[in-house]
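The values are calculated or read from the model by the stated rules, or taken from the named source; none is laboratory data. Model, not experiment: these values are computed from the prediction. All Cβ positions, glycine included, derive from the backbone under ideal geometry; neighbour counts span all protein chains shown.
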Amino acid sequence: MTDTPAPRIYLLAAHPRWRDSRVNRRLLEVVRETPGVDVNDLYSTYPDYAIDVPAEQARLARADMLVLMHPIQWYSMPPLQKLWLDEVLSWGWAYGTHGHALAGKDVWLVGSTGGSAASYDTRSYNRYAFDAFLPPYEQTAVLCGMRFLPPLIFHGARSAGNAQLDAHVAIVADRLARYPQWCGHADPAAQPVCDVPPADRPATSA
């Protein structure tokens, strides 16, 4: 009887200024020590923004879960993380006609915000609940046939106490170590299907 191999996790850590980071730098130290996690510090790997698409697709194809770990910047992701999505999740590979390489995999967002949780409210300066900024992440996952897991967001990165940060780091480490037990059973029938008509992506570009 052979042991079941540990689930593979590909974690993209994207922070433009690690020296200024409080939350993500702590997390990076911990996730690098977690067995079964392939960690890629995007800004160290691609300082020139020249992404090795075949290498990234190979690492992602081996994984069962993709983790996006980064600070929320201007209600979205850091620019190199967005470029990674643009180039790696290509038509015909990740989505669209014959693009099924990522079907059935999970996506987990581990984010942090400078503003407090209370600031993400219609009565405060961010004007919306934080969930209002998640549809681009969720729809990217769904378009690729992936399951978007409930995000883990650490609010108030600059002002939270050390005990709060320690607890957050412990949760991230625990969930990575226990994946997929904590994220529930995937029901294929409940997963939205987003088939892109070939007419929306003609062979010749505009």
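Odds and ends about this structure:
- Qualifying residue in segment 93-101 (condition: closer than 22 Å to N24 by Cβ, out of contact with any Leu (no Cβ under 8 Å at 6 or more places or on another chain) and of a type outside the set (V, I, T)): no
- Residue among P150, P78 that is under 13 Å from the mean Cα position of the chain (by Cα) and loosely packed, with under 13 Cβ neighbours inside 10 Å: P150
- Evaluated against (1) modelled with pLDDT of 95 or more; (2) at positive phi, H98 falls short on exactly one condition, (1).
- Checking each residue in segment 65-95 for being on the phi > 0 side of the Ramachandran plot and at pLDDT below 95 picks out only G92.
- Number of the condition not met by L165 [criteria: (1) of a type in the set (A, V, I, L, M); (2) within 22 Å of L12 (Cα to Cα); (3) out of contact with any Cys (no Cβ under 7 Å at 6 or more places or on another chain); (4) assigned to a loop (DSSP other than H, G, I, E, B)]: (4)
- If the condition is being hydroxyl-bearing (S, T, Y), touching a Gly at 6+ places or on another chain (Cβ under 8 Å) and under 21 Å from H168 (Cα atoms), then segment 84-130 contributes T113, S116.
- Close pairs from segment 60-83: first touching a residue at least 24 places away in the same chain (Cβ under 8 Å) and of a type in the set (V, I, T), partner assigned to a loop (DSSP other than H, G, I, E, B) and buried (at least 20 other Cβ atoms within 10 Å of the Cβ), Cβ under 7 Å, at least 6 apart: I72/T113
- One residue stands out in segment 83-137 among those that are outside any loop (DSSP other than H, G, I, E, B) and of a type in the set (D, E): the one that is surrounded by the most Cβ atoms within 10 Å (Cβ to Cβ), namely D106.
- Qualifying residue in segment 55-72 (condition: surrounded by fewer than 17 Cβ atoms within 10 Å (Cβ to Cβ) and in contact with a helix residue (DSSP H, G or I) (Cβ under 8 Å, 6 or more places away or on another chain)): no
- Some residue of segment 2-22 being under 24 Å from P180 (Cβ atoms), among the β-branched types (V, I, T) and surrounded by fewer than 16 Cβ atoms within 10 Å (Cβ to Cβ): yes
- Odd one out for H15 among (1) modelled with pLDDT under 95; (2) closer than 24 Å to I171 by Cβ; (3) in a loop (DSSP other than H, G, I, E, B): (1)
- Residue pairs meeting the criteria (Cβ under 6 Å; at least 6 apart or on separate chains; first modelled with pLDDT under 95, in segment 31-42; second part of a loop (DSSP other than H, G, I, E, B)): G36/A6
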